[in-house]
1. Could you work out the helix-only [θ] at 222 nm for the chain, with each DSSP H run of four or more residues adding -39,500 (n - 2.57) and the total divided by the number of residues, to the nearest 500 deg cm²/dmol?
2. Shape of segment 282-360 from its Cα gyration tensor (a ≥ b ≥ c, root eigenvalues): rounded if a/c is under 1.5, otherwise prolate when a/b > b/c, or oblate?
3. Among the listed pairs 152/256; 208/323; 69/125; 246/348; 69/323, which are separated by more than 31 Å between their Cα atoms?
4. For residue 332 and residue 295, compute 0.36 nm times the residue count separating them, minus their Cα-Cα distance, and round to one decimal in nm.
5. How much net charge surrounds residue 114 when only the other residues with a Cβ under 13 Å from the Cβ of residue 114 are counted, with Lys and Arg +1 and Asp and Glu -1?
6. For the chain, set up a GNM with springs between Cα atoms under 10 Å and report which of 164, 189, 324 has the largest fluctuation.
7. State which stretch of the chain is the longest one without any exposed trypsin sites (Lys or Arg not before Pro), exposure meaning a DSSP loop state and at most 14 other Cβ atoms within 10 Å.
8. Net charge near residue 70: determine it from the other residues with C-beta under 12 Å of the C-beta of residue 70, scoring Lys and Arg +1 and Asp and Glu -1.
Amino acid sequence: MRIITWNVHRARKDSPLWDFLLHLQPDLVLLQEVGCIPSHVTNEFDHLTRPAIAEDGSPQNFHTGVLAKGKIIAEVSLSSDREWVNRELEFFGGNLVGCRVQLSHGSELHVVSVHSPFWPVDKAKLAGIDVSQVRTTNPHLFATDLLWYALKNMVTTGTWIVGGDFNSSETFDPDWRRRNRKNWTRIPGSAQTLRRMRALGFTECLRKSEQDPIIPTFRHSRGRIDHQIDHLFVSNNLMPTLEECKVGAQSIIFGKSLSDHLPVIADFGECRTTSQVEPTNEISMAGVMWTSASSYPDAPHEYVLRERYPDTYAFYQEGIAQKGLEEPFTLRGRTATYRYYYAGDGYKYWTIGNVLNRALAGRSTHSRFSHEWD
């Protein structure tokens, strides 16, 4: 199963972008800034699009949408337990397009295509309302905050795909800017936006943890390529099936002026999944520095010691005890059985004495994913 999210920069029906998209042979596509989809594409996919909203409430001349090989069963509106949040979710209905999809090979998915504007919710609409439980540390409220709060109430079971142009990149945050000595505009809250998605039980396919390098997806009008504002999140019950995630080649996407955003492409295979979405434990992973086991080049994995990270060790040891699966493992002609915990973050965990180990679930190596087209 191949899933793509892509801001197509208002591509019209005669854009070569659409033929390129078909060449990628996706099963599911989350689209942002759609100008017009040509018939030779809609003939291949069931489709749902809605006009994005402008800051003054008027419809934009581009859409947010979903393409699916199979059937879009129903459109799904995001909702929450707060009336004012629901009012704003309705306002952003064309930017947060949700649906249930039945793919041709049988998988049923909950899908949300996201195009969060760079502008915030009008503060005049929020007069007298306590928004502190919804927004991040940023003093303004954005569509991504409303999205997170709605998902907090909606994501309990099933398989979820949430992706698109979040207009959020850790590189925007003042802390990142100071550490890396960059002088662009400081916009707090982006890292928190992504962290809150992970805490709901999602893993980002392109950058699975904050320790992974940032992979830029956007080219600024001045030519700089620094920020990853496009994200593809999947619920943790799907994550163990991830085989590869990459972005499109800059030489093609930018070189041929297809878009100012790179598509994010994720390939999933068949692997064990569970129906329950499990939130991650942020505390257990905060500041953890994993060490590569260099003495085992034929069994790539990472480890930490219990004495250095007792809380992390305890958290995953409990997961291993309660939900671990016994599996045989063969190395250098010897086979042993270990109990593995598939945490839903793309890794499987196991312990040997006072050592907590992890390796990519369903993969035999820790090699970095390619970021060029095959």
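Any read-out appearing in this document is the output of simple, stated calculations on the displayed coordinates, not a laboratory observation. Nothing here was measured: the structure is a model prediction, and the numbers come from that model. Cβ coordinates were reconstructed from backbone atoms using ideal geometry, including for glycine residues, and neighbour counts include every protein chain displayed.
1. Working: 9 runs with 71 residues, N = 374.
That calculation yields -5000 deg cm²/dmol at 222 nm.
2. Numbers: a/c = 1.86, a/b = 1.32, b/c = 1.41.
It is oblate, given that a/c is not under 1.5 and a/b is not larger than b/c.
3. Numbers: 152/256 40 Å; 208/323 22 Å; 69/125 40 Å; 246/348 21 Å; 69/323 34 Å.
From the list (152/256; 208/323; 69/125; 246/348; 69/323), the Cα-Cα distance tops 31 Å for 152/256; 69/125; 69/323.
4. Values: separation 37, 0.36 × 37 = 13.32 nm, distance 1.31 nm.
Full-extension gain reported as 12.0 nm.
5. Details: positive: 50; negative: 33, 145, 165, 204, 230.
Combined, the nearby Lys, Arg, Asp and Glu give -4.
6. Of 164, 189, 324, the most mobile in the Gaussian network model is 324.
7. Working: sites that count: 12, 13, 181, 182, 186, 222, 224, 256, 272, 308, 332, 368.
In short, 14-180.
8. Values: positive: 69, 71, 100; negative: 27, 44, 46, 108.
That works out to -1.
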